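The values are calculated or read from the model by the stated rules, or taken from the named source; none is laboratory data. What you see is a predicted model, and the numbers here were worked out from it, not measured in a lab. Note: ideal-geometry Cβ built from the backbone for every residue, glycine included; neighbour counts use all protein chains shown. These area figures cover heavy atoms from the full protein model, side chains too; ligands, DNA and RNA do not enter into them. Shrake-Rupley method; radii C 1.70, N 1.55, O 1.52, S 1.80 Å.
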Amino acid sequence: MAAELSTSINIKEPRWDQSTFVGRAKHFFTVTDPRNILLTNEQLANAHKVITDYRKGIVPQGLTEDELWRAKYVFDSAFHPDTGEKMILIGRMSAQVPMNMTITGCMMTFYKTTPAVLLWQWINQSFNAIVNYTNRSGDAPLTVSQLGTAYVSATTGAVATALGLNALTKHISPLIGRFVPFAAVAAANCINIPLMRQRELKHGIPITDENDNRLGESTNAAQQAISQVVVSRILMASPGMAIPPFLMNHLEKKAFLRKFPWMSAPIQVGLVGFCLVFATPLCCALFPQKSSISVSRLEPELQEKIRANHPGVERVYFNKGL
């Protein structure tokens, strides 16, 4: 008879060492696996039960360590780490590859006319707004009014940026023109992410000690978290929007695409998808999701509170979001 699984496995943390890039990359290759979006509600509920029971010290008979970790990653892919709520399907990181490859591929194929730019940038920024909200840090809810204002501000600013950059394509070479969507996406990320997470910038995000004891909320931690997410999202988009333009510029001069021009869009979508399969987890892994900041870099009043109530704490931790 197999021995019962120990209840001492630390499933609060990922399976691999998160202090190294390789460990974080292994973690995010699992979390962002596109196959996770095909999981049924029954499979998600089962993973939720396994993890919830295990945290209470209840181990289902016959459960192996590999099965426990599989349940952990199914759980992590679908449930928010702070609120515990089931995340919107298209907002999950496992939906990034199929959603972004379709939207980005179309943005890069149909970038020459203003209506096409307007449509695809609006679709892209609406999708980004959902992702940014779904993967926010902290557990404080946004009101419908706050969410609506953030969405309108983010999408309007991002689309206006894209249209402005697109106007420049009339004066530059076709190859350079293919990079305008990337420039627009990079600029839009700098607008969309802070606006969709503006509540964190105003009121702060939860910070804890190394044992997950909550110490307060910090706006300085929020600024660091959002900055890291902006950098990783821009770099995440880079390979899929920088490599295909060169390849497509070359392929469109060949007889095949001249004979079958309708193949341009699916080929471009496929190239973007291939890049995103690797870029998404690797760029998520650039910074630890459980990020940290020195107490000396927090707001003065928060520093005083921590030093008075927790004198041994020199570093605090927070979920930076994705």
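The table for this structure:
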{"item": "Ordering of 236-249, 42-55, 191-204 by packing [mean C-beta count within 10 Å, highest first]", "result": "191-204, 236-249, 42-55"}
{"item": "Sequence-distant residues sharing a close amide H with Gly216 (under 5 Å, placed H)", "result": "Ile207"}
{"item": "Label-to-label distance, nm, for residues given as Ser292 and Asn46 (7 Å Cα→Cβ offset)", "result": "3.8 nm"}
{"item": "Proximal lysines to Lys254, defined as alpha-carbon separation beneath 26 angstrom and excluding residues fewer than eight positions away on the same chain", "result": "Lys112, Lys170"}
{"item": "With 10 Å bins from 0: P(r) over segment 1-110, alpha-carbon pairs, percent", "result": "13, 39, 32, 11, 4, 1, 0"}
{"item": "Zero-based 10 Å bins, Cα pair distances in the chain, whole percents", "result": "6, 23, 30, 23, 12, 5, 1, 0"}
{"item": "Solvent accessible area, Å² - Glu85, 1.4 Å probe, full protein context", "result": "80 Å²"}
{"item": "Calculated from backbone phi, Karplus (6.51, -1.76, 1.60) coupling profile of segment 266-281 in Hz, x at Gly/Pro", "result": "x, 5, 5, 4, x, 5, 4, x, 4, 5, 5, 4, 9, 5, 4, x"}
{"item": "Point-to-point label distance, Glu13-Gln61, nm (Cα→Cβ direction, 7 Å offset)", "result": "3.4 nm"}
{"item": "Span from the segment 1-64 Cα centroid across to the segment 263-322 one, whole angstrom", "result": "21 Å"}
{"item": "Listed peptides 95-102, 214-221, 259-266 by packing density, highest first (mean Cβ within 10 Å)", "result": "95-102, 214-221, 259-266"}
